[in-house]
Amino acid sequence: EAANAELAGAGTGLNDSAKKPFKLSIVLYSETEFAERSRDGLIDGIKNAGLAESKDYTLKIYNAQGDMSTLSSIMTTIKADRVDLLMAVSTPALQAALRQAGADTRIVFTAVADGVKAGAGKSNTDHLPNVTGITTRSPFEGMAKLIRETMPSVKRVGTLFTPAEINSVLSKDWFKEALQKQGMDLVAIPVTASSDIPQAAVELCHSDIQMVCQIADNLTRPGFGLISKKAAGNKIPLFVFDSSQIKEAGIICLSRDYYEGGLEAAEVAVKILHGQSPAQIPICNTQSEKLIYNKELAEKFKLNLSEAFLKKATVLKK
C-alpha cells in the first residue's frame with residue numbers, strides 16, 4: 001500500500017514531462033484463467049498508481065489464443081508501434097518478446113516460472129537492460145511438505161508436463177526435487193498436444209501412483225478437466241498449484257495468486273514509466289500464496305489435516 005501511495009504521488013505530474021500518453025501493450029499467449037487474472041492485476045495496478053487511461057497512457061491488449069505464429073505477428077506489430085512498455089503474460093509471451101520486440105522495447109513480465117531460464121538474463125539481478133518482472137514459481141517445497149503431512153503413506157506422485165514449454169520442464173524438475181526431499185518420487189508423463197491429454201491421463205492413473213498433483217503450464221491448463229475426471233474415476237486424490245483448478249475436483253491447492261502477481265508487476269511497470277531503468281530493478285518472485293481445500297473431498301479421502309493447516313487454509317466455497 002505504501003508503494004502504491006508513493007507511485008500515485010509520483011503519477012500526479014506525469015504529463016509534465018510527457019507531451020503525449022504512454023503507449024502500453026499487454027500480451028497474453030492464451031485465454032486461461034491465470035493469464036486473465038494476471039492481465040487484470042496489471043490493469044488495476046496501473047490505475048491504482050494514479051494513472052488515467054487516455055490522459056496518461058493508452059493500452060492495447062493482445063491475445064495469441066495459444067498460437068505461436070499469431071504471437072509472432074503480435075510482437076512484430078508491437079515493435080513497429082514503438083511502444084513505451086510491453087507487458088508480457090506467460091513464458092511463451094516473454095520469450096517471443098525477447099526474440100522479436102527489439103532491444104529498445106522495455107519489457108515487464110508476469111506469470112513466468114523463471115525469467116532467467118526463459119532468456120531474460122544471467123541472474124535475477126544481472127539481466128538484460130530492457131527487461132524485468134515478477135515470476136510466479138509455484139511453492140513446490142511447500143506442496144511436497146503438505147503431501148507428506150496430509151497423506152503420509154504416499155510414495156509416488158503423478159503429473160503431466162509439456163516438454164516444449166521450458167516453464168513446464170522446470171516446474172517438473174523443481175517438484176521432483178522437492179518431493180525427493182520428502183521421500184517421494186514423481187511420475188511425470190509428457191504431453192505434446194492437447195489431444196494427448198486424455199490418453200496421458202489414463203496412463204498416469206495406471207502408473208502405480210497414490211495421488212496426482214498437477215503442475216501448471218499453458219498446455220495442460222485447458223485440458224485439466226480431463227485430468228481431474230480420470231483421477232476421480234480411478235479414486236485417486238488430486239492436488240493442484242492453480243486456484244482455478246480446485247473447483248474441478250481438486251482437494252488441496254497451494255498456489256501463487258496471479259492477480260497479486262499482476263499488481264506487483266504493475267508497480268514495477270509504473271516505476272519504469274517514471275524513469276527508472278529496468279536494468280536497476282531485480283527480477284523477483286511474487287510474495288503471494290493461497291492455501292485452499294475442499295472439505296468434502298478431504299473427508300472422503302481421509303486426509304490428515306492438522307490444526308495449523310486448518311487455521312491457515314481457506315475452505316472452498318461452492
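The values are calculated or read from the model by the stated rules, or taken from the named source; none is laboratory data. This one's a predicted model, so the numbers in the text were calculated from it and none came from an experiment. Cβ coordinates were reconstructed from backbone atoms using ideal geometry, including for glycine residues, and neighbour counts include every protein chain displayed. In case anyone asks, the SASA skips ligands and DNA or RNA and just uses the protein heavy atoms, side chains included. Shrake-Rupley method; radii C 1.70, N 1.55, O 1.52, S 1.80 Å.
Collect the residues in segment 76-96 that are more than 17 Å from the chain's Cα centre (by Cα) and in a helix (DSSP H, G or I), keeping them in residue-number order.
So the first thing to find is which residues in segment 76-96 are more than 17 Å from the chain's Cα centre (by Cα), and the list is 76-86.
Result: THR76, THR77, ILE78, LYS79, ALA80, ASP81.
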Revision key, fill the gap. Filtering segment 51-72 down to residues that are aliphatic (A, V, I, L, M), under 29 Å from SER194 (Cα atoms) and assigned to a loop (DSSP other than H, G, I, E, B) yields ALA64
Check your understanding: Mind checking which residues of segment 49-69 are acidic (Asp, Glu) and open to solvent by less than 10 Å² (accessible area, probe 1.4 Å)?
Key -> ASP56
Revision key, fill the gap. (1) at pLDDT 95 or above; (2) under 21 Å from the mean Cα position of the chain (by Cα) all hold for SER194 apart from (1)
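Any idea which residue in segment 250-276 is nearest to LYS295 (Cα to Cα), counting only those that are in contact with a Gly (Cβ under 9 Å, 6 or more places away or on another chain) and hydrophobic (A, V, I, L, M, F, W, C)? Break it down into steps so the answer makes sense when it comes.
At the first step, the residues of segment 250-276 found to be in contact with a Gly (Cβ under 9 Å, 6 or more places away or on another chain) are 254, 257-270, 273-274.
Filter again for hydrophobic (A, V, I, L, M, F, W, C), leaving 254, 263, 265-266, 268-270, 273.
On the way: LEU254: 15, LEU263: 30, ALA265: 33, ALA266: 35, VAL268: 38, ALA269: 39, VAL270: 41, LEU273: 45 Å.
Among those that are in contact with a Gly (Cβ under 9 Å, 6 or more places away or on another chain) and hydrophobic (A, V, I, L, M, F, W, C), it is LEU254.
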Point to revise | Single match in ALA269, ALA249, ALA298 (criterion: hydrophobic (A, V, I, L, M, F, W, C), assigned to a loop (DSSP other than H, G, I, E, B) and touching a residue at least 12 places away in the same chain (Cβ under 8 Å)) | key: ALA249
Study note, to complete from the structure: Within segment 177-201, residues assigned to a helix (DSSP H, G or I), out of contact with any Asp or Glu (no Cβ under 8 Å at 6 or more places or on another chain) and closer than 18 Å to THR150 by Cα come out as GLN180
Check your understanding: Which of the residues that make up segment 222-239 are hydrophobic (A, V, I, L, M, F, W, C), crowded, with 21+ Cβ neighbours inside 10 Å and farther than 16 Å from LYS302 by Cα?
Key -> PHE224, ILE227, ALA231
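Keeping to segment 155-171, report how many residues are part of a loop (DSSP other than H, G, I, E, B) and in contact with a helix residue (DSSP H, G or I) (Cβ under 6 Å, 6 or more places away or on another chain). Explain how you work it out, then say what you get.
Here is the first cut: in segment 155-171, the ones part of a loop (DSSP other than H, G, I, E, B) are 155, 162-165.
Narrowing further to those that are in contact with a helix residue (DSSP H, G or I) (Cβ under 6 Å, 6 or more places away or on another chain): 162.
Residues meeting the conditions: 1.
I'd like to know if segment 198-217 contains one or more residues that are at pLDDT below 95 and over 17 Å from GLU289 (Cα atoms).
Keep residues of segment 198-217 that are at pLDDT below 95, which gives 216-217.
Then drop every residue that is not over 17 Å from GLU289 (Cα atoms), which leaves 217.
Looking through segment 198-217, at least one residue is at pLDDT below 95 and over 17 Å from GLU289 (Cα atoms).
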Exercise for review: Kindly establish whether ASP242 is on the phi > 0 side of the Ramachandran plot and touching a residue at least 24 places away in the same chain (Cβ under 8 Å).
Suggested key: no
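What's the total number of residues in segment 70-113 that are in contact with a strand residue (DSSP E or B) (Cβ under 6 Å, 6 or more places away or on another chain) and either open to solvent by 30 Å² or more (accessible area, probe 1.4 Å) or among the hydrophobic types (A, V, I, L, M, F, W, C) (or both)? Please lay out each step first, then the result.
Our first condition is that a residue be in contact with a strand residue (DSSP E or B) (Cβ under 6 Å, 6 or more places away or on another chain); within segment 70-113, this holds for 74, 78, 83-91, 93-94, 97, 101, 105-112.
Restricting the remaining residues to those that are either open to solvent by 30 Å² or more (accessible area, probe 1.4 Å) or among the hydrophobic types (A, V, I, L, M, F, W, C) (or both) gives 74, 78, 83-89, 93-94, 97, 101, 106-109, 111-112.
Total meeting the criteria: 19.
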Point to revise | In segment 289-318, the residues that are over 26 Å from the mean Cα position of the chain (by Cα) and open to solvent by less than 80 Å² (accessible area, probe 1.4 Å) | key: PHE301, LEU303, LEU305, SER306, ALA308
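Residue-by-condition table, conditions (1) among the polar types (S, T, N, Q); (2) more than 30 Å from ALA201 (Cβ to Cβ):
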{"site": "LYS60", "(1), (2)": "no, yes"}
{"site": "ASP67", "(1), (2)": "no, no"}
{"site": "THR70", "(1), (2)": "yes, no"}
{"site": "SER73", "(1), (2)": "yes, yes"}
{"site": "ALA93", "(1), (2)": "no, no"}
{"site": "LEU98", "(1), (2)": "no, yes"}
{"site": "ALA120", "(1), (2)": "no, yes"}
{"site": "LEU128", "(1), (2)": "no, yes"}
{"site": "THR159", "(1), (2)": "yes, no"}
Exercise for review: Identify, from the list LEU219, LEU204, the residue that is assigned to a helix (DSSP H, G or I), at negative phi and touching a residue at least 40 places away in the same chain (Cβ under 8 Å).
Suggested key: LEU204
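Are any residues in segment 228-246 in a strand (DSSP E or B) and over 30 Å from ILE46 (Cβ atoms), and if so, which ones?
Our first condition is that a residue be in a strand (DSSP E or B); within segment 228-246, this holds for 238-240.
LEU238, PHE239, listed by residue number.
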Study note, to complete from the structure: Subset of segment 114-136, residues open to solvent by 50 Å² or more (accessible area, probe 1.4 Å), over 22 Å from GLU260 (Cβ atoms) and either outside any helix (DSSP H, G or I) or not charged (D, E, K, R) (or both), comes to LYS122, THR125, ASP126, LEU128, PRO129
Practice item. Given the conditions (1) out of contact with any Leu (no Cβ under 6 Å at 6 or more places or on another chain); (2) more than 24 Å from VAL89 (Cα to Cα); (3) open to solvent by 10 Å² or more (accessible area, probe 1.4 Å), report the number of the one that LEU186 does not fulfil. Key: (1)
